[in-house]
Amino acid sequence: MSVCFVLLSSLVLVVIWGITMMHVASEKKLAMESAAGESKNMAAIMATNLNDRMDRAILYGTIANKVLDGDPAAAEYLNLLFNGDTAYVRAAVFDGDMRLRYSSSGLPTESGFAELVRQTYPAASAAAAPPQVGSVMLGKPEGYAWRIPLLVSLNSPKNNVHGFFVAVLDIGRFLSDYKQIGDGYRVSVDGATGLPLVTLIDGKLLVGGNEGIVNKFSSNDSARSEPGVSNHRKLTAYPLAVTVSLNPDFIVADLTQSHYEYVRYAIVISIAVVSLTLILIGISYHRKKLYQRLEHSEREKICLIEQLEKEKTRAYQLASHDYLTGIPNRMLFNELAAAELSRAKRSPNLYALFFIDLDGFKPINDTLGHAVGDLLLQSVAQRLCASLREYDLVARLGGDEFVVLLSDIRYQSQIADIADKLVKTVGAPYLNLAGHEVHTSLSIGIALFPDDGHTVDELLSKADTAMYVAKKAGKGAYRFHDPGMRGGQVSRLPTDTRYLSA
């Protein structure tokens, strides 16, 4: 039973903790999915904003073309637009011969920008065919790492080199607009190789890997999502990308307290289950001990009952049987004989009661001693039982007197034959009774049921009278009871009542 309780409680604990861990994992998964969606949306928004800033470079390039065409209002208009745009720090316009035609800073020369043009288009002065207007190239940062030079080629209507528009894109300013995005976010602007140029972490700008001249992304790589809660979004037409990542620790930080509550509840329930299991095991143990004590008490009671039954049987044996010969005594004989006579009333057969007395027993007992006399009585009882049927009743009334009840006898002649057999068998010499050869004989009185009486006492009285008649007639004989004791038949056997000493 205790093993069943342990297995059941273990199963309950497994279920409780399984549900708890599944619930915690499910909430974490939902939180991660939600964070992934937020970072994806944020990456899309930032990529769109950055793309708008890059598109403005194309717009500036279009105006720069008009500057190269000699439009006097174009330079003023470009200056007005550019100075109000915080996305760019400064800009310059060069014609096809690398002469400076416009500078937002008002400087007479822009050597840094000119060098960028020469690195990007080394054959520009030779009228090499550059890309169409709208081709944007990024250069190596100078000074602040988050300020990236940007080059837009300007072509004439005849597709000749017309000039170049060069500006400095302030990515740091772009990222600074997202400083309030929240803790746990990591935002970076990446170059064509995928390495971060500038990264915003917890409101601080960090410089990524510096790159040289980078090429444009292909148009079919416009968007890419990284595993977990990091989303990478490429600009559609420019060699830049935006990556927004969210620290998983910050994602699940708000869930930590509720998860602690789940675990605490699971611990409380587990303690309750374990306590209940221990209580049940204790109850089971005490019940087992109680059952064991009850079983022990029951066994003791059964043993006591068996002993009492044995004592009862022994007491009944002592009370109902002759202590010397072991055959029924007068009390038991009266009970059994009364029952037999009650049954005899419904039987057509004869029932006969023999009253037997040993001839010359007193001289034997006085001469050879009580020990020999007792052995003689035991031997007589054994011969009587051996000479009769199993269901015939043999008893000792006391002293040297025995009684026999024969049942279900068809003819009176059979009764006489049995009496004659007893006289011969029991009266035969006893050759070795404690070293003595003893001779004795029987005197038998016979009373018939129902002719001579209807009760045990009546039959005993009549048989006793007949026995004395037989004894007076010469001993070693039997006699049927006769009302006048005149018509009885006497059979004599030549016997000697002598007894010999060994």
Tell me whether region 420-436 contains one or more residues that are closer than 18 Å to residue 324 by Cα, aliphatic (A, V, I, L, M) and surrounded by fewer than 23 Cβ atoms within 10 Å (Cβ to Cβ). yes
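Considering only region 281-297, I want to know if a residue exists there that is of a type in the set (Ser, Thr, Tyr) and surrounded by 13 or more Cβ atoms within 10 Å (Cβ to Cβ).
For region 281-297, residues of a type in the set (Ser, Thr, Tyr) and surrounded by 13 or more Cβ atoms within 10 Å (Cβ to Cβ): present.
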Quick one: is residue 407 surrounded by 16 or more Cβ atoms within 10 Å (Cβ to Cβ), farther than 22 Å from residue 476 by Cβ, in contact (Cβ under 8 Å) with a residue 40 or more places away in the chain and of a type outside the set (A, V, I, L, M)? yes
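Conditions tested, residue by residue: (1) crowded, with 18+ Cβ neighbours inside 10 Å; (2) closer than 30 Å to residue 178 by Cβ.
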site: 37; (1), (2): no, yes
site: 60; (1), (2): yes, yes
site: 63; (1), (2): yes, yes
site: 74; (1), (2): yes, no
site: 80; (1), (2): no, yes
site: 88; (1), (2): yes, yes
site: 104; (1), (2): yes, yes
site: 110; (1), (2): yes, no
site: 119; (1), (2): no, no
Say whether the condition of being hydroxyl-bearing (Ser, Thr, Tyr) and either outside any helix (DSSP H, G or I) or not assigned by TED's automatic domain parsing to the domain that holds residue 198 (or both) is met by at least one residue in region 51-73. no
Expected single match for acidic (Asp, Glu) and either closer than 22 Å to residue 194 by Cα or in contact with a Lys or Arg (Cβ under 8 Å, 6 or more places away or on another chain) (or both) among 322, 249, 254 is 322
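Residue-by-condition table, conditions (1) in contact with a Lys or Arg (Cβ under 6 Å, 6 or more places away or on another chain); (2) acidic (Asp, Glu):
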{"site": "34", "(1), (2)": "no, no"}
{"site": "39", "(1), (2)": "no, no"}
{"site": "47", "(1), (2)": "yes, no"}
{"site": "54", "(1), (2)": "no, no"}
{"site": "61", "(1), (2)": "no, no"}
{"site": "70", "(1), (2)": "no, no"}
{"site": "92", "(1), (2)": "no, no"}
{"site": "97", "(1), (2)": "no, yes"}
{"site": "103", "(1), (2)": "no, no"}
When residue 125 is evaluated against the numbered criteria (1) over 18 Å from residue 155 (Cα atoms); (2) at pLDDT below 80, which criterion, by number, is the only one it fails? (1)
Being of a type outside the set (A, V, I, L, M, F, W, C), within 14 Å of residue 167 (Cα to Cα) and not in a loop (DSSP other than H, G, I, E, B) is the filter here; which residues of region 74-101 pass it? 79, 83, 88, 90, 101
I'd like the residue in region 343-383 that is of a type in the set (Ser, Thr, Tyr) and outside any helix (DSSP H, G or I) and, out of all such residues, is nearest to the chain's Cα centre (by Cα). 347
I'd like the full set of residues that are under 54 Å from the mean Cα position of the chain (by Cα) and surrounded by 19 or more Cβ atoms within 10 Å (Cβ to Cβ), limited to region 39-50. 39, 42, 43
Looking at region 357-371, is at least one residue assigned by TED's automatic domain parsing to the domain that holds residue 446, β-branched (Val, Ile, Thr) and under 24 Å from residue 417 (Cβ atoms)? no
Are any residues in region 455-497 part of a strand (DSSP E or B) and at pLDDT 50 or above, and if so, which ones? 477, 478, 479, 480
With respect to the numbered conditions (1) of a type outside the set (A, V, I, L, M, F, W, C); (2) touching a strand residue (DSSP E or B) at 6+ places or on another chain (Cβ under 9 Å); (3) without any contact (Cβ under 8 Å) to a residue 12 or more places away in the chain, which one is the sole condition not fulfilled by residue 399? (3)
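The values are calculated or read from the model by the stated rules, or taken from the named source; none is laboratory data. As the structure is a computational prediction, the values presented were derived from the model and not from experiment. Neighbour counts run over all protein chains shown; Cβ positions are idealised from the backbone, glycine included.
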